[in-house]
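These notes concern the structure reproduced below.
The values are calculated or read from the model by the stated rules, or taken from the named source; none is laboratory data. Since we're looking at a predicted model, the values are computed, not measured. A quick note on method: Cβ atoms are made from the backbone with ideal geometry, for glycine too, and the neighbour counts reach across all protein chains shown.
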Amino acid sequence: MVPNTSYASICSPPNPMFSSHCSPDLNIHTDIITILPMIGLNPINHSFIFASNFEILLYVTILCLHVKNELLKKLQILKRVILVLSLVHLVQCQDVSSDYDQFDNPALLPLLTKVVYGQLTNLTTVLSGDISNRSSFCVKDPEADWNQAFDFSSNLEFLSSCIEKTNGDISRRLCTAAEVKAYFNSLFELSGTERYNRNCNLTSWVSGCEPGWACSVGPEQQVDIQNSSDIPARTQSCQACCEGFFCPHGITCMIPCPLGSYCPLATLNKSTGICEPYLYQLPPGMPNHTCGGANIWADVDSSKEIFCSGGSYCPTTTVKNSCTSGHFCRMGSTAETSCFKLTSCDSNTANQNIHAYGIMLIAALITLLLIIYNCYDQVLTTRQRRLAKSREAAARSARETAKARQRWKSAKDAVKMHATELQAHFSRTFSRKGPSHHSERLRILNQAKSETDEDLYPPMDSSTSSASMPLSASSKGNKREPGELMQIMSETEDDPGSYEGFSLEHRDTKTKGHILKGKEMTTHSQIFKYAYGQLEKEKAQQQENKNLTFSGIVSMATNTEIRKRPQIEISFKDLDLTLKAKNKHLLRCVTGKIKPGHITAVMGPSGAGKTTFLNALAGKAIGCRTTGLILINGKHESIHSYKKIVGFVPQDDIVHGNLTVEENVWFSAHCRLSADLPKVDKVLVVERVIESLGLQAVRDSLVGTVEKRGISGGQRKRVNVGLEMVMEPSLLILDEPTSGLDSASSQLLLRALRHESLEGVNICMVVHQPSYTLFKMFDDLILLAKGGLTVYHGSVKNVEEYFAGLGIKVPERVNPPDHYIDILEGIETPSASSGVSYKDLPVRWMLHMGYPVPPDMWSDAARLAMSPVGVSPENGTIYAGAPMNDQSFAGELWKDVKNNMELKRDKIRHNFLKWKDLSSRRTPGVFRQYRYFLGRVAKQRLREARMQATDYLILLLAGACLGSLAKVSDQTFGAMGYTYTIIAVSLLCKIAALRSFSLEKLQHGRESSSGMSSLAYFLAKDTIDHFNTVIKPVVYLSMFYFFTNPRSSFADNYIVLLCLVYCVTGIAYVLAIFFEPGPAQLWSVLLPVVLTLIATQPRDGEAMRIIANLCYPKWALEAFVVANAERYYGVWLVTRCGLLLKYGYSLHQWSLCILILILTGAVGRVVAFLGMVTFQKK
């Protein structure tokens, strides 16, 4: 006994004593450890290393002699042990005996089978390492994959059968590591050349070289199965391959068939001459040759005959059972799989019918969507209904209160009138004391009135009482004559309660402030009551102002409720705008100013530059060369510094059609009013705008779109104006706000703007031929002629006087602005007596105001017998525009391209202008605006539920059609079906995602130019689209997955499809922002098809491989195929490696594919956002 000495060292050459009997793979220690439990001994306590079989026998004998109980039984076992060890020595040391009778002993055959299986295990251990090095792309865990293919420990019957068939010569017929490697290497060589080796070549071709046959080595030759470099000479005792093994063509050894295969002996089909179930034929000229066993193990296309067929399962490679009812067996199965509940599985079925689960999933999804949409819609509807009730109740209460105040005022006026009559009567009848007595009576009446006033209104503050004291003290301190008293009463005859009314209003204002300070308004009822109460008082105040009574004038001058906003005065001098591309004048020599608290109308014929003038004031003139001065409050500052308090109403009604009137107005108020403004004041502002614009009746109506009709065009125009009024601007610029409005609606709009001007708002608007009533509502007028020249700039009251001085008088029953515009258009001509042409009017104005005349107009000035101030026509140079030189076609083309590039450059520069904020208004930040945008987009998506349902339905039908037509093939692991899936899902999801940004470019441009956050807008859109990103993969897979039933799990397919939808949505954002809707849809259709074709083409060159890696379908398809390929093991191992090698995929890159899809979607979103900020239309 040699303890602590390895057996390999004893059997190796410096120990020649054992070299003739042992082989390097001999491991007697393992065998004895296996046998010891049979005789009742624990091998852990007897772990020695033996030098010879004799020592083993001696050791076992000693152990048995120490057994105290059942000695005879132990001796019988000992006899068997000695026999087994002799056989072990016979097999492992390759010393074959001439007596094979012991192999027929059924008690010893299992032990010998384990010994042979141990040799196979050693072989697979060597091969698994080589596989991990050369086939890592298709093998994740070499040990696990190899065990799934060659772990026969559960059933070794095929080995026992082969031992009996070969009379114990099985170990001489097994392929060595070198032969196995040579075979598997030939599978992945695409040259198709004949495989030659030392046994099968042009000079040596024995029977074992034919498919299904194997040979043995010579009796004196030693075989090392683990030898991976040399192929032994194996040409003796050739016979048919054993069951459970396959013997390839051109190799004279046996390789065990992998699990999941069925390798019986072949039978000859005499009619075809084919050895069935395999596809090889008997070799010609060899009449004694018979069909052997299996001949090949390769991919499923080349060796489908050895794969355990679908509907059956093969627990071993020699047994094939039919799948029973309630179970299904895929191709290559080693056991039958139980079907899910609610599925139908007949006997001999390869797949379970799981359509019911798809129907259940889509039903659950529809139910969930209906619950989400209906609940959200119900919440919004209920909330709006409750707000409407509170608002109506508050409005009704405010109207009733206003009526009560009016009745009280009427009664008060009647009492005062009666008191006045009594005073007059007493003064005529009684003595001098009479008036004093009557004055005392009047004082008593006034006192009674005040007491009644205090019943209606809360007590006023001490400051208010003291403010009204001087008037009372003066009445009491000075003894007025009756005539003086009558003089005071006659001065207030139009409104007898003027002084008291003023005191009453003042007292109410202070009381309101006191109430607000004492108790915050939190409920909607309180807020609406306050808001509508204020609106009713403002209406009453406007009515008093309209009457132009003494009380109205005093109230207008002293009303503390009218908040004065920050004032913006814009003055401009010699303002010229020239179009860069054509060197054309759009505005020339425009000088003047627009003042706070005034409504300035800009009028003129078509092409006079009215809109251009407004764009110049608002800082929106792009592609023009600007000269002259524009001053803000007398300082050379940019209007963009006051962007937060400047409102610009475009000519087109750019509003959100899928929002209600109130939602449009409220959103503008949320994002553009001061963040510090209390909610109660915001409600008051919104309600005032809706009330003043006459939108109460349609406040809950959708504005409407081209496809879906909403409110009328006039109401839509007023909503367009209300979006700017609600942000309480200091400068309000409107481009033709009365276009399309009738006279009543126009006057309503002007009255609303008049109320804005009372708060100090500077209002400038383009008007096209207003009515005379509307014309008189303006304060100032800027009249432009064609070419952008000023004809008149001043008060509306003086315009007729100015033109009359020029000899241009307005005929009777003709609207003055219409007459002036007709003259500027050349339709009407001034009277001959005036001697003025419409072309002379700009020069007349310059000379009238003392402005310098441009040189090219000196001739007109000279013709009018007047010279320009400080300029001599003789010495001046007349500028009539640059001479037009004839250019070639290429020159003109280059000029147009250059001008277009400069225009785009100016637009980009304009979008990135950064100015210091001088507005002193802190608007909500990005996060708060993100919340507002999120709520708005959610409402818009909710109202587009029908369109969303259409998208889901189309996706559902696509999944059903592709799932029915493109079955997941085991030969390609479903690559074809997944290719169609990528194209369909990419196309449908891209087209749907285009609507997020392509349809709202104008709305976003307007909001962005007003100061709203583009980042908040983009993030809100993307956040809501994540709902579709999560739901759409489920909708598609509910049909496709349950129709195709792939081996990969539903979760794996969902994750890949989720990342794919996220990726294509980001790409769709880029297309929506950089292209118009039509081209964007075309690109959305072409891109998935073209990129998928590129990704699936053979990548022969490096350039093609790089291009394919840039295509997102390549990574999506790889993720789908890899997730499916991981479920194919055992007999599918060669198929998996061959297919992944063909496509260039790797099992280790699934996570990388997912990451690249996510990164592609994220990069697409970043590019889309940068493009939106850079190229947005403002």
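Answer yes if at least one residue in segment 934-943 is assigned by TED's automatic domain parsing to the domain that holds Ala1095, of a type in the set (Lys, Arg) and within 21 Å of Cys1059 (Cα to Cα), and no otherwise. Scanning segment 934-943, I find no residue that is assigned by TED's automatic domain parsing to the domain that holds Ala1095, of a type in the set (Lys, Arg) and within 21 Å of Cys1059 (Cα to Cα), so the answer is no. Of the residues screened, Leu781 is one that is crowded, with 20+ Cβ neighbours inside 10 Å and closer than 26 Å to Leu741 by Cα. Do we have any residue at all in segment 274-288 that's among the hydroxyl-bearing types (Ser, Thr, Tyr) and at pLDDT 85 or above? Checked against the condition, which is being among the hydroxyl-bearing types (Ser, Thr, Tyr) and at pLDDT 85 or above, segment 274-288 yields at least one hit.
The single condition among (1) of a type in the set (D, E, K, R); (2) outside any helix (DSSP H, G or I); (3) buried (at least 16 other Cβ atoms within 10 Å of the Cβ) that Lys916 does not meet is (3). Screening the candidates Phe1042, Phe1050 for the property of being surrounded by fewer than 24 Cβ atoms within 10 Å (Cβ to Cβ), closer than 21 Å to Leu361 by Cα and free of Cβ contacts under 8 Å to residues at least 24 places away in the same chain yields one hit, Phe1050.
Let's see how each residue does on (1) modelled with pLDDT under 85; (2) hydrophobic (A, V, I, L, M, F, W, C); (3) in a helix (DSSP H, G or I); (4) under 55 Å from the mean Cα position of the chain (by Cα):
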{"site": "Ser128", "(1), (2), (3), (4)": "yes, no, yes, yes"}
{"site": "Ser132", "(1), (2), (3), (4)": "yes, no, yes, yes"}
{"site": "Lys140", "(1), (2), (3), (4)": "yes, no, no, yes"}
{"site": "Ala144", "(1), (2), (3), (4)": "yes, yes, yes, yes"}
{"site": "Asn147", "(1), (2), (3), (4)": "yes, no, yes, yes"}
{"site": "Ser154", "(1), (2), (3), (4)": "yes, no, no, yes"}
{"site": "Leu159", "(1), (2), (3), (4)": "no, yes, yes, no"}
{"site": "Ile163", "(1), (2), (3), (4)": "no, yes, yes, no"}
{"site": "Asn167", "(1), (2), (3), (4)": "yes, no, no, no"}
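Listed conditions (1) buried (at least 23 other Cβ atoms within 10 Å of the Cβ); (2) at pLDDT 90 or above; (3) of a type in the set (Phe, Trp, Tyr) are all met by Phe973, apart from (2). In the set (1) at pLDDT 75 or above; (2) of a type outside the set (Asp, Glu); (3) surrounded by 12 or more Cβ atoms within 10 Å (Cβ to Cβ), Ser410 fails one condition alone, (3). Only residues that are closer than 16 Å to Leu783 by Cα and among the aliphatic types (A, V, I, L, M) were counted in segment 561-615, giving 11.
Determine whether segment 710-727 contains at least one residue that is assigned to a loop (DSSP other than H, G, I, E, B) and among the charged types (D, E, K, R). For segment 710-727, residues assigned to a loop (DSSP other than H, G, I, E, B) and among the charged types (D, E, K, R): absent. Being outside any helix (DSSP H, G or I) and closer than 30 Å to Met331 by Cα is true of Ala350.
To keep it simple, each residue is scored yes or no on (1) surrounded by 16 or more Cβ atoms within 10 Å (Cβ to Cβ); (2) in a strand (DSSP E or B); (3) at pLDDT 90 or above.
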site: Thr578; (1), (2), (3): yes, yes, no
site: Cys589; (1), (2), (3): yes, yes, no
site: Lys593; (1), (2), (3): yes, yes, yes
site: Ala601; (1), (2), (3): yes, yes, yes
site: Thr626; (1), (2), (3): no, yes, no
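Consider segment 704-727 and keep the residues that are of a type in the set (S, T, N, Q) and within 32 Å of the chain's Cα centre (by Cα). The one that is surrounded by the fewest Cβ atoms within 10 Å (Cβ to Cβ) is Thr705.
For segment 640-671, filtered to residues that are in contact with a strand residue (DSSP E or B) (Cβ under 8 Å, 6 or more places away or on another chain), hydrophobic (A, V, I, L, M, F, W, C) and not in a helix (DSSP H, G or I), the residue that is nearest to Ser757 (Cα to Cα) is Val646. Residue count for segment 1117-1148 under the criterion of being assigned to a helix (DSSP H, G or I), under 22 Å from Gln971 (Cβ atoms) and not aliphatic (A, V, I, L, M): the result is 11. Taken over segment 603-624, the criterion of being in contact with an Asp or Glu (Cβ under 6 Å, 6 or more places away or on another chain) and buried (at least 18 other Cβ atoms within 10 Å of the Cβ) is satisfied by Pro605, Leu614. Being surrounded by fewer than 19 Cβ atoms within 10 Å (Cβ to Cβ) and either part of a loop (DSSP other than H, G, I, E, B) or of a type in the set (D, E, K, R) (or both) is a property that Leu268 lacks.
So for segment 728-744 (the condition being buried (at least 19 other Cβ atoms within 10 Å of the Cβ) and under 34 Å from the mean Cα position of the chain (by Cα)), does at least one residue qualify? Yes: segment 728-744 contains one or more residues that are buried (at least 19 other Cβ atoms within 10 Å of the Cβ) and under 34 Å from the mean Cα position of the chain (by Cα). If only residues of segment 999-1018 that are buried (at least 20 other Cβ atoms within 10 Å of the Cβ) and in a helix (DSSP H, G or I) are counted, the one that is modelled with the lowest pLDDT is Ser1009.
I need the full set of residues from segment 630-689 which are within 24 Å of Lys564 (Cβ to Cβ), small (Gly, Ala, Ser) and within 30 Å of the chain's Cα centre (by Cα), in order please. Across segment 630-689, the qualifying residues are Ser668, Ala669, Ser674, Ala675. Pairs are defined by a Cβ separation below 9 Å, a sequence spacing of at least 6 or placement on different chains, a first member in segment 732-753 that is more than 24 Å from Ala608 (Cα to Cα), and a second member that is surrounded by fewer than 20 Cβ atoms within 10 Å (Cβ to Cβ) and of a type in the set (Val, Ile, Thr); the pairs so defined are Ser743/Thr773; Gln747/Thr773.
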